[in-house]
Amino acid sequence: MLGAPVNAKVALFELDGNAFALPVEGIQHIIPVQKVFPLPLLRSGFGGVLLHQNEVVPLFELWRIFGGQPPQSCSGGRYTVVYRTGFGPVGLPADQVLRIVDREAGVVEGAVEAETAAPSGRVFVFAGSSYPLLDVEALVTALPH
Amino acid sequence: MTDPGRMRLVFRLGGVGFSLPVQDLIEIREEVADALDRSAADPAAQVLGALSHRGGSIPVRDLGRRLELPAPFPEEAPVLLVLTGEDGCWGVLVDRVEGIFPTSEFDTRPVPPLLVRQESLPYTHLDLWRGEPLVHCEAGVLQRCWGRP
């Protein structure tokens, strides 16, 4: 990953049967799912907010990226990944934390059309599987206002 | 005697919690469903109807619809809040009033910039209260959601 520090790591997650990857250096915390509070007239792409360490964290509706259906519960997963962006922290739901691996143990490649949605245009290939590598900053920037 | 200027009302509408300074509140009325004159309703202006109030009539505005909140369950009896306004009193129907609490219980924060739509949100701050975020309201700002009559 361009600009990734030496010994960079990648975290692999699964949400509703969809696997994805995140650069570890952006992850602030991985916490058990928290109560999600709805708020009026939120920007499309956010399903509410949660409170973490006395901070208001918007919860990103990750299911939209994978083209699935809204989850039955607001939280959308068993865990919330609190991810740091230049705009503040963002919460990302996950059902499973699969593993955390050294960046060097896999390969970052450009996504091909047939692969599961990779909005960053890149996938992390590890042990024969491709994990869409999410660029969270780009995801939230691209949301409509 | 507790200073009303240092108290906030907490109410709920459409599953969302709100807080409002007590000095913006004129009256709380229950069992108003039958008293609402729906012949004065104006759906385009999000006005539910009119209500007699202290010898006059006040508009009752549909805050839930304006904020695109889920409709209340039919069996829930709404509560009316009569609020101060730049052009006179006005009312909103809410689902439940939690109570009035000292401002010291509220931790006011700006709404995270990520959440703000292009057109401004009708609220700019949240109140962290007893482990949940409430929409920080002021009657004047709410009234401006509907624009000048």
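The values are calculated or read from the model by the stated rules, or taken from the named source; none is laboratory data. Everything numeric here is computed off the predicted structure, so don't read it as measured data. FYI the Cβ positions are ideal-geometry reconstructions off the backbone, even for glycines, and counts take in every protein chain you see. Keep in mind that these areas ignore ligands, DNA and RNA; they rest on the heavy atoms of the full protein, side chains included. Shrake-Rupley method; radii C 1.70, N 1.55, O 1.52, S 1.80 Å.
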Which value, in square angstrom to the nearest 100, describes the accessible area buried between chains A and B on both sides, using a 1.4 angstrom probe? 2000 Å²
From other protein chains only, count the Cβ atoms within 10 Å of every residue's Cβ in B:107-115, then give the mean. 6
Take the Cα gyration tensor of the protein assembly as shown, multiply each eigenvalue by 5, square-root it, and list the three semi-axes largest first, rounded to whole angstrom. 45, 19, 15
Per residue, how large is the accessible surface of the protein assembly as shown? Use a 1.4 angstrom probe and give square angstrom. 50 Å²
Carbon-plus-sulfur fraction of the accessible area of the protein assembly as shown, 1.4 Å probe, in percent? 50 percent
Once ligands and nucleic acids are excluded and a 1.4 Å probe is used, how much of A:Asp16 is accessible, expressed in Å² to the nearest 10? 110 Å²
In Hz, Karplus ³J(HN,Hα) per residue of region B:63-71 (6.51, -1.76, 1.60; θ = phi - 60°; x = Gly, Pro): 5, x, 5, 4, 8, 6, 8, x, 5
Here the whole-number average of other chain Cβ atoms within 10 Å per Cβ of A:42-48 is 4
With each run of n ≥ 4 DSSP H residues scored as -39500 (n - 2.57), what mean residue ellipticity at 222 nm is computed for the protein assembly as shown after dividing by its residue count and rounding to the nearest 500 deg cm²/dmol? -1000 deg cm²/dmol
